Amino acid sequence: LDHCNQARAIQKETGSNAQAAETLDEIGVIYSAQDQPDKAAEYHEQSLAIHRSAGNVRREALALTSLGQTYNQLNKPEQALDQFTHALSIFRAIGDLSSAAVALEGLARAEHKRGNLAEARKDIEESLASRETVRARSGSLQLRASYRATAEQGYEFYIDVLMQQGLDAEALHASERARARSLVERLTEARIDIREGVDASLIEKERDLTLELNAKAQREMQLKARKGSSEEIARLQREISGLEDEYQQVLAAIRKRSPQYAALIQPQPLDLKGIQQQLDPNTVLLEYSLGEQRSYVWVVTHDSFKTYALPRREQVENVASRVYESLVARSVVKSLETPAQRRIRIADADAEFQKAASELSRMILAPAASELDKKRLVVVADGVLQYVPFAALPVARARPLIVDHELVSLPSASAFAVQRQNLARRPVAPKAVAVIADPVYSINDERFGSTGARPSAETRIIEHLPGGPKGQLSIPRLPFTRWEADQILAVSPAGASLKVVDFNANRAIAGSGELSKYRYVHFATHGYLDTARAGFSAVVLSMFDREGKPQDGFLRTHDIYNLKLPAELVVLSACETGLGKEVTGEGLEGLTRAFMYAGARRVIVSLWNVNDKATAALMQRLYTGMLRNNKTPAAALRAAQIEMWRTRQWQSPYFWAPFVMQGEWN
């Protein structure tokens, strides 16, 4: 507001009436956000008068839209209808489909306030259809995702209207339309080679940009590690942002010029019947939708369907955040000064988890408890629920949910269906397990044969990469990852497995094609999470070659998208590999989706910084279940987590619950 008022003062001096009108409109939006709609309306009306006198019809329509939204906020739907109707006629006349969609949503909300649900539904459906038309025009999946995010509240409203009309199945279909659309399109694209038949110069440009992005990302991390100047870091970040834009433009051009992409028929989001066809008699799907006024969970089996209303988003988010924060609190306990302090912090965190987890379980699981029996649960989470380890939520007699249920996570049922169809007839890779573990991160590593400090055998937290002395990236060796690799290979078929450690655990092995020969591909290393730029999250591999020459050890998300990795399972035994950049309407974009695009049928990832000794113990049990006991990955993960829970040393969910599986459960 202060900056807008400064702008107004300048605009009065310069006589910039058109700009002044836009600033007045902005001030109105600010007052609406501050819950002062009466004051907001005054500014919107001033803005509207100036635009009308200047004959700027588009800006007039935008001011009318703002005024209509304010009238809705004031609970004056009749006045709101007048503003939106006038704005809509202008937008249609000038062909502004995106702004027309906003006006139509405003009309729908006004009709809803009048109690006219049928008219509200008609208007919001037209609004969302217009947005889908605009979204589909872009060749950039990133732009489609960011534009789709602007429709999030519209989809929430649409779902709520349908539920109020008793149209539960239609609301579930709307939920599928609302989520992970770019992922569905990416997975559909994964079945073809979009680069085939495309100008070689474009492919070369894509490759060059990838190399340049990786180099600058490495430079940025080094600057941050040595606490470089904020101006230098900001300049580099601007360069990276520009390169990312150019990279997305090149990808869009490749799709536009690809004969195979042009021939693709994009799948439609699944309806109730389509979802039920993906489920077997022993599987229940729980799909959540968090809303401003109320939330919902749809409970779907192969032959039944029920819906339950849940508390509004804010209530669910508050409790879910407490669950997550109480679990991750353990990962910072080692920084405390004394053992006594650490014991107190751990006890407090455990008590808070039990309290918050019980409360969340009552909110989001108890309403549907009678439908769950002891079946497999496939969870399509929403918002902050994506961070919640459902396996650890307490149910009857405070037992974790995992004791009675196998658990699988999905970004959407539609994305799962596309991936299942893509991989339905794919032959299984001939060899068993490839393990990439214990890379070389430091020039002082004993594996150089120097006098560098010998890595201790203490338990470490696999975590983000802090800055070290002399401005170097400080990436600690993870002692138990080598033991983890040995334990996995000990239960693997002789002669059918691969152990890649030390200097060989590098980017070259990941891109060589060698890993495509193995059914199970396991990374036991550090992970790097970039919540701002999805393409820069990475699996961290060896940072030096045998001669001590530094090399890029970050296998980044955009690198993984270009791999061919037809694995039955990829395990990312590292920190927060299940997280990523949260994109409204898309969910968490990061490593999981990249590996699925590369061909992984399933991916096991983590939700927080994990303990490397506990992780090694869990993974040994996981692979024993799969390779010795012939369990499916989902069943083996469940058995491993239950065994850990029953072991006193690892009983806390912090040790066993971070790992979740996405993908095929059969």
Length gained when the stretch Ala49-Gln222 is fully extended (0.36 nm per residue, less Cα-Cα span): 56.9 nm
Could you order Arg648, Arg131 by accessible surface area, starting with the largest, using a probe radius of 1.4 Å? Arg648, Arg131
Linear extension gain, Gln153 paired with Leu97, 0.36 nm per residue minus alpha-carbon span: 18.4 nm
Label of the coordinate-derived value, Rg/Rh (Cα atoms, Kirkwood Rh), listed as [x] 0.99; [y] 1.13; [z] 0.95: [x]
The ³J(HN,Hα) series, computed from each phi in region 152-162 with the Karplus coefficients 6.51, -1.76 and 1.60 at θ = phi - 60°, rounded to the nearest Hz and given as x for glycine or proline, is 4, 5, x, 5, 4, 5, 4, 4, 5, 4, 4
Two-site FRET efficiency, Glu78 against Lys273, from Cβ-Cβ distance with R₀ of 35 Å, rounded to 0.05: 0.30
Under a 5 Å amide H to amide H cut-off, with H placed in plane at 1.01 Å, what residues pair with Leu498 once short-range neighbours are removed? Val433, Ala434, Val435
Skipping prolines and chain starts, which residues have an amide H placed within reach, meaning under 5 Å, of the one on Asn506, given they are 5 or more residues away or on another chain? Ser542
Sort Phe84, Phe157, Phe448 from largest to smallest accessible area, using a 1.4 Å probe on the heavy atoms of the protein chains. Phe448, Phe157, Phe84
Residues of region 295-318 with amide nitrogen under 18 Å from the 7 Å Cα-to-Cβ point of Glu359? 295, 310-318
Taking the Cα centre of the chain as origin, work out the dipole magnitude from +1 charges on Lys and Arg Cβ and -1 charges on Asp and Glu Cβ, in debye rounded to 20. 2100 debye
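Once neighbouring chains are kept in place and the probe is 1.4 Å, which whole percent of the accessible area of region 201-351 is contributed by carbon and sulfur?
Ligands and nucleic acids excluded, carbon and sulfur reach 50 percent.
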Expressed in angstrom and rounded, the centroid-to-centroid distance over alpha carbons for region 280-343 and region 68-143 is 33 Å
Compactness of region 155-253, expressed as Rg and Dmax over alpha-carbon positions, Å: 21.0, 59
Give me a comma-separated list of calculated 3J(HN,Hα) values for region 626-635, in order, Karplus coefficients 6.51, -1.76, 1.60 applied at θ = phi - 60°, integers in Hz, x for any Gly or Pro. 6, 8, 9, 9, 6, 7, 5, x, 5, 5
Round to the nearest 10 and report in Å² the accessible area of Ser304, as given by a 1.4 Å probe over the protein chains' heavy atoms. 40 Å²
Name the long-range amide H neighbours of Val571: under 5 Å, sequence gap of 5 or more, or other chain; modelled H, no Pro or chain starts. Val521, His522, Phe523, Ile604
If you count only protein heavy atoms and use a 1.4 Å probe, how large is the accessible surface of Trp483, to the nearest 10 Å²? 110 Å²
Links exceeding 21 Å between C-alpha atoms in this model, out of Lys375/Lys431; Lys431/Lys631; Lys431/Lys499, come to Lys375/Lys431
Could you give each residue of region 348-363 its phi-based ³J(HN,Hα) in whole Hz, using Karplus coefficients 6.51, -1.76, 1.60 with θ = phi - 60°, and x for Gly or Pro? 5, 5, 5, 5, 5, 4, 4, 5, 5, 5, 5, 5, 5, 4, 5, 6
Can you pull the one-decimal nm distance between simple spin-label points at His302 and Ala9, each 7 Å off the Cα toward Cβ? 7.2 nm
How long are the semi-axes of the equivalent ellipsoid of region 318-406, defined as square roots of 5 times the Cα gyration tensor eigenvalues? Whole Å, largest first. 28, 13, 11
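Between exposed GluC sites (Glu not before Pro) in the chain, where DSSP calls loop and at most 12 other Cβ atoms lie within 10 Å, what's the longest gap?
Segment 1-195 is the longest.
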Measure out, as a whole number of angstrom, how far apart the alpha-carbon centroids of region 595-615 and region 476-498 sit. 16 Å
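The values are calculated or read from the model by the stated rules, or taken from the named source; none is laboratory data. Everything numeric here is computed off the predicted structure, so don't read it as measured data. Ideal geometry is used to build each Cβ from the backbone, glycine not excepted, and the neighbour counts take in all protein chains shown. With ligands, DNA and RNA removed, areas are computed over all heavy atoms of the protein, side chains included. Shrake-Rupley method; radii C 1.70, N 1.55, O 1.52, S 1.80 Å.
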